[in-house]
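Remarks on the structure that follows.
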Amino acid sequence: MSACSLICLIGFMGCGKSTVGRLLAERLGCAFLDLDSLVEERRGKSILEIFRCEGEEAFRGYETDALNSLTGRGRLVLAAGGGAAVRPENSRFFLENSFTIHLQVSFPEALARTRFDPLRPLLRLPQESLKALYDSRLPEYRRLGLTVATDGRSLEQVVEEIVRLLRARGQLREDLGQVHP
């Protein structure tokens with residue numbers, strides 16, 4: 001893959017995609033976009049409303065449409081929803097259109113970070129089902145992106161590791177520290 005200007009952050013809920021994404025975008029002088037927010041904007045409803053009124057499958061379709069609308073977009077850090085990366089029709093997008101980073105979080109840490117968030121519909125699942133979902137998604141996250149561990153690390157440490165990976169893979173111009181156009 002040639003140097004790209006779209007960086008996608010993937011991983012299970014609570015791994016830090018949105019928070020790390022905002023900081024990374026600021027560090028690189030890029031725009032930041034949260035895929036869930038884009039879906040909400042395009043549909044005129046919250047994720048919770050979409051799940052409640054139309055179901056998860058409809059949401060996943062909207063998510064795919066929103067993701068595909070970003071093809072060819074440059075100078076952007078994208079926080080993709082936890083399920084976007086594991087949907088087969090989205091794999092090509094992550095492999096061909098972006099430099100993809102998997103933010104790894106352990107299951108206990110993911111629960112600790114998200115347990116009080118009422119806006120996460122998947123938290124309504126029994127814990128065993130949520131753990132099975134976590135385990136099933138992990139191999140796909142790893143297949144699609146380079147892994148950066150987040151447990152026990154500060155946001156700054158995670159951002160710095162991503163910047164190092166971008167530099168090592170030729171994705172940053174050393175003189176400006178910016179993503180290649």
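The values are calculated or read from the model by the stated rules, or taken from the named source; none is laboratory data. Every value quoted in this text rests on a predicted model; they were computed, and no experiment measured them. Cβ coordinates were reconstructed from backbone atoms using ideal geometry, including for glycine residues, and neighbour counts include every protein chain displayed.
Look through the stretch 124-142, keep the residues that are touching a helix residue (DSSP H, G or I) at 6+ places or on another chain (Cβ under 8 Å) and under 23 Å from R92 (Cβ atoms), and return whichever of them is surrounded by the most Cβ atoms within 10 Å (Cβ to Cβ). Checking each candidate, the answer is Y141. Got at least one residue in the stretch 33-51 being out of contact with any helix residue (DSSP H, G or I) (no Cβ under 9 Å at 6 or more places or on another chain) and within 13 Å of C8 (Cβ to Cβ)? Looking for residues that are out of contact with any helix residue (DSSP H, G or I) (no Cβ under 9 Å at 6 or more places or on another chain) and within 13 Å of C8 (Cβ to Cβ), one finds none in the stretch 33-51, hence no.
Being loosely packed, with under 14 Cβ neighbours inside 10 Å, in a helix (DSSP H, G or I) and out of contact with any helix residue (DSSP H, G or I) (no Cβ under 9 Å at 6 or more places or on another chain): is that true of E109 here? The answer is no for E109. Of the residues making up the stretch 28-38, those that are outside any strand (DSSP E or B), buried (at least 17 other Cβ atoms within 10 Å of the Cβ) and in contact (Cβ under 8 Å) with a residue 40 or more places away in the chain are L28, C30, L35, D36. Apart from one condition, G11 fits all of (1) in contact with a strand residue (DSSP E or B) (Cβ under 9 Å, 6 or more places away or on another chain); (2) more than 27 Å from S154 (Cβ to Cβ); (3) surrounded by 18 or more Cβ atoms within 10 Å (Cβ to Cβ); the exception is (2).
Taking each residue of the stretch 132-147 that is among the acidic types (D, E) and looking for partners that are assigned to a helix (DSSP H, G or I) with beta-carbon atoms closer than 7 Å, six or more apart or interchain, yields E140/A85; E140/V86.
Out of the stretch 39-59, which residues are within 30 Å of V163 (Cα to Cα) and surrounded by fewer than 18 Cβ atoms within 10 Å (Cβ to Cβ)?
In the first step, residues of the stretch 39-59 are kept if they are within 30 Å of V163 (Cα to Cα); the result is 39-41.
Scanning the stretch 39-59 gives a single hit, E41.
Considered as a group, the residues in the stretch 105-130 that are in contact with a Phe, Trp or Tyr (Cβ under 6 Å, 6 or more places away or on another chain) and over 14 Å from I10 (Cα atoms) include one that is modelled with the highest pLDDT, and that residue is F107.
Filter the stretch 148-165 for residues that are more than 14 Å from G82 (Cβ to Cβ), outside any helix (DSSP H, G or I) and touching a residue at least 12 places away in the same chain (Cβ under 8 Å) and give the result. Across the stretch 148-165, the qualifying residues are V148, A149, D151. Among the candidates V77, V20, the residue that is part of a helix (DSSP H, G or I), within 23 Å of A168 (Cβ to Cβ), in contact (Cβ under 8 Å) with a residue 40 or more places away in the chain and among the aliphatic types (A, V, I, L, M) is uniquely V20.
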